[in-house]
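Everything on this sheet refers to the single structure shown next.
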Amino acid sequence: MKKILILTAAFGDGHNTAARNIRDALEHVCDDVKVEVLDLFETSYGAANTLAKKAYLGMVQYAPQLWGSFYSLMENPVVERNLGSFTRLANALEDIVHETQPDAVVSTYPVYGHVIRELYRDHAERPFRFITVITDSISVNSAWYRAPSDFFCVPNEATADVLRSNRIPEPQIKALGFPTNLAFAQRTPTPLTSPVRGVQRRILYIINTGKKHSGKAIDRLLDLPDTYLTVTVGRDPGLKAKLIERSEKMNGRVNILGWTNQMPQLMLSNHLVIGKAGGATVQEAIAARCPMIVNQVIPGQEEGNARLIKRMGLGAVAKKDRQVADWVEEAFAHRASLWTEWRRNLERISKPDASLRIAELILAECDRTDRRRIALFEAGARPSLPRAPSVSRSEPKMLLCDFHIHTNYSDGKLTVPELIDFYGHHGFDCICITDHLADPRRLIGKLSELANFSLGQNQVGEYFEVLEQERRRAWRKYGMLVMTGLEFNKDGYTRKSSAHLLGIDLKAPVDPSLDLAQIIKHIHSQDGLAVASHPHIMKSEWGKNTLYLWENQGKFAPLIDAWEIANRNNIFTPIGLKNLSFIANSDFHKPKHIYSWKTLLHCPKEPEAIKDCIRGNHDVAITLYRDLGVAPAARRGFGAARPADPLAHASPGLPQIVNS
């Protein structure tokens with residue numbers, strides 16, 4: 001079993017994006033691997049790290065020149081010599097290396113190389129291979145390469161030249177490309193008709209900054225003939241609502257999206273992308289062979305990204321917002337001759353399989369790790385941690401379950417991958433992700449969608465696709481079952497007119513505008529569970545109560561499979577007294593909510609067995625979950641035995657082929 005630790009930091013999207021994509025590639029190409037992505041700044045410094053991230057985002061948005069000066073300061077020799085002086089972080093890394101004994105450590109943030117240099121300064125050998133993945137192009141801060149590394153992976157030859165000029169030995173430089181999403185390597189790019197006059201010219205406009213003038217920028221773009229826009233605004237409900245209202249009369253030429261997981265698909269299906277010169281965005285555009293027009297460059301690392309686009313002829317850099325439309329018009333003029341040239345240049349340098357190339361390098365280096373040369377931790381220095389037992393599917397056991405969980409697809413704080421890792425580290429056996437889906441016919445439903453409190457109607461398909469991908473990873477990495485669900489919101493103006501209904505283990509979307517009885521019928525047609533979500537007064541939580549299902553239990557009790565007897569820190573005994581089937585859930589929105597009521601089931605770890613247990617109301621218990629002191633290495637996922645994938649859960653109607 002190869003064990004790989006990837007270190008990242010949340011100061012810019014590129015570092016985390018690269019780390020996640022490398023992890024996904026490693027798990028894709030190798031069955032015998034355990035990978036963990038850790039942000040040691042977050043775990044070591046907590047509130048101070050949060051404050052630092054806010055300061056970084058504030059400087060980038062409101063004082064970019066100040067950030068540029070700070071970025072340059074990292075190249076000062078005095079500052080550089082002290083980059084390894086993060087004591088708390090170094091201690092945490094030392095403990096992790098001992099506990100997990102990784103074969104390779106990968107860094108996507110420059111400080112880690114300096115910390116590792118200090119940690120092993122007095123030792124002859126590192127107990128792992130160390131690979132640095134540089135996420136910047138051309139304007140590479142020297143902090144990236146001044147600390148030793150077995151290899152430096154860079155996104156392109158222009159960046160490799162920077163390292164060569166700074167005397168990094170040629171064999172250590174690997175110009176493998178930027179590790180983008182596997183979707184770029186796995187999907188054949190959509191054949192795009194040349195954007196000549198009379199053809200739909202599809203443009204992806206990513207709004208990160210410059211939000212105040214974005215409406216005018218859209219108007220100028222739509223003045224161009226045959227232009228169709230997809231606009232992403234991230235998590236800014238006010239801007240989203242404003243732009244939707246502004247574009248209502250555009251005859252379907254504008255599609256406004258909030259936060260989305262589908263950036264690879266959008267890049268692959270548009271002729272142009274407009275956005276700031278962020279590392280991840282620029283590299284994804286290159287992987288998608290989608291010419292880019294940059295509308296903002298933050299001093300420091302983004303200057304190199306913009307320079308790359310200009311030097312390689314991959315698009316254009318607009319110095320002012322009003323120049324963006326001019327560049328678009330020029331790109332499509334003369335039978336799209338300039339666009340065709342940009343596209344040709346992109347096809348020459350694009351490396352959409354970079355994540356896979358980097359993964360292959362890392363795995364090859366794992367085979368070179370010599371366990372006999374571990375200098376820091378000699379055999380017997382500390383007791384080794386026990387390996388997790390194999391998972392048996394056929395043998396009943398007590399399963400720790402949570403069937404009511406929200407991600408940032410609605411009003412949760414964590415992304416789907418972050419949530420999978422969070423619950424996996426805490427040792428859960430089965431979870432169901434149930435993001436809000438509001439009734440679009442109701443005013444409150446419309447408002448909640450605009451405010452990103454519930455799934456957008458145009459994101460439901462994406463939601464099911466992402467959960468299916470993560471379901472497979474959760475089972476492979478943690479032996480944890482993940483079900484796809486939805487929380488159907490029927491919000492009225494009073495608590496007695498409001499109902500929330502969980503659909504658990506859904507195989508396909510269900511129309512939220514149907515009435516509750518029809519929604520339950522569709523849930524059951526997919527062999528899912530219909531659960532009355534918090535149908536009671538919750539005294540310890542803020543928010544409107546949802547009592548409609550309880551007030552009308554004569555009508556709904558025969559239809560509903562279970563009632564939520566406990567939610568977060570509330571418990572509702574009348575359900576038990578009425579002998580109704582019950583479960584308990586956290587109604588998870590942020591990490592601290594995991595410490596709440598949960599369901600315990602005594603049955604095999606199989607979807608059908610779990611649902612039968614709940615329907616039949618047998619071998620069901622509830623527990624108030626608390627941190628039981630799980631060993632740190634176990635929480636990180638290293639060393640756990642991999643169970644067989646329960647194929648019966650992959651798709652309804654398939655034969656049940658199971659490896660016991």
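The Cα atoms of the range 234-290 give a gyration tensor whose axes a ≥ b ≥ c have a/c of 1.5 or more with a/b greater than b/c, which makes the shape prolate. Each of His536, His522 was scored by other Cβ atoms within 10 Å of its Cβ. Arranged with the fewest first, they read His522, His536.
Listed by chain and number, the lysines whose C-alpha is less than 19 Å from the C-alpha of Lys578, apart from same-chain residues fewer than 8 away, are Lys555. Stretched out straight at 0.36 nm per residue, the stretch from Phe464 to Arg311 would grow longer than its current Cα-Cα span by 51.1 nm.
Where in the chain are the DSSP H helices whose alpha-carbon span along the long axis reaches 27 Å or more and whose Kyte-Doolittle mean is at least -1.0?
Values: long enough: 40-62 (28 Å, 0.10); 322-349 (30 Å, -0.85).
Span-like helices, by this rule, are 40-62, 322-349.
Would you please give the residues with an amide H less than 5 Å from that of Cys432, counting only those at least 5 places away or on a separate chain, with H modeled from the backbone geometry? Here the answer is Asp402, Phe403, His404, Met483, since their amide H atoms fall under 5 Å of that of Cys432.
Using 0.36 nm per residue and subtracting the Cα-Cα separation, the extra length available between Asp122 and Thr43 on full extension is 25.9 nm.
If packing is taken as the average number of other Cβ atoms within 10 Å across a peptide's residues, how do 561-569, 226-234 rank, most packed first?
Values: 561-569: 22.9, 226-234: 19.9.
Result, highest mean first: 561-569, 226-234.
The alpha-carbon of Lys34 sits under 19 angstrom from the alpha-carbons of these lysines, leaving out residues fewer than 8 places away in its chain: Lys2, Lys3, Lys477.
Placing pseudo-labels 7 Å out from each Cα toward the beta carbon at Tyr493 and Leu580 gives an inter-label distance of 2.7 nm. Were the residues from Lys249 through Leu447 laid out at 0.36 nm apart, the gain over their Cα-Cα distance would be 69.3 nm.
Annotation for Arg344 and His213: the two label points, set 7 Å from Cα along the Cα-Cβ direction, are 3.4 nm apart. Contact order for the chain, expressed relative to its length and based on alpha carbon pairs under 8 Å spaced 6+ residues apart, stands at 12 percent.
Going by neighbour counts of Cβ atoms within 10 Å, the residues Thr135, Thr260 line up, fewest first, as Thr260, Thr135.
Cross-link check: pairs Lys54/Lys590; Lys53/Lys320; Lys351/Lys446; Lys496/Lys598 evaluated at a Cα-Cα cut-off of 30 Å; pairs beyond the cut-off: Lys351/Lys446.
Per DSSP H run of at least 4 residues, take -39500 (n - 2.57); add these up for the chain, divide by its residues and hand me the 222 nm value, nearest 500 deg cm²/dmol. Mind dumping the intermediate values first?
Values: 24 runs with 253 residues, N = 660.
It comes out at -11500 deg cm²/dmol, rounded to the nearest 500.
When a/c is below 1.5 the answer is rounded, else prolate if a/b is larger than b/c, else oblate, so apply that to the range 465-559 with a ≥ b ≥ c taken from the square roots of the Cα gyration tensor eigenvalues.
On the way: a/c = 2.40, a/b = 1.64, b/c = 1.46.
Taking the square roots of the gyration eigenvalues as a ≥ b ≥ c, the range 465-559 is prolate.
The ranking of Tyr625, Tyr145 by Cβ neighbour count inside 10 Å, starting from the fewest, reads Tyr625, Tyr145. Sorting the segments 285-293, 51-59 by their mean number of nearby beta carbons within 10 angstrom, highest to lowest, gives 285-293, 51-59. When peptides 172-182, 26-36 are ranked by their average number of other Cβ atoms within 10 Å per residue, the highest-first order is 172-182, 26-36.
With both residues required to sit in the chain, DSSP beta bridges show an antiparallel share near 25%.
Projected label points at Asp223 and Arg235, each 7 Å from Cα along the beta carbon direction, are separated by 3.6 nanometres.
Quick check: from the Cα gyration tensor, does the chain come out rounded (a/c under 1.5), prolate or oblate? Show your work: numbers first, answer last.
Working: a/c = 1.93, a/b = 1.19, b/c = 1.62.
Taking the square roots of the gyration eigenvalues as a ≥ b ≥ c, the chain is oblate.
The charge dipole of the chain, taken about its Cα centre with unit charges on the Cβ atoms of Lys, Arg (+1), Asp and Glu (-1) only, comes to about 980 debye.
Computed from the coordinates by the stated procedures, all read-outs in this text should not be read as laboratory data. Since this is a predicted model, take the numbers as computed values, not measurements. FYI the Cβ positions are ideal-geometry reconstructions off the backbone, even for glycines, and counts take in every protein chain you see.
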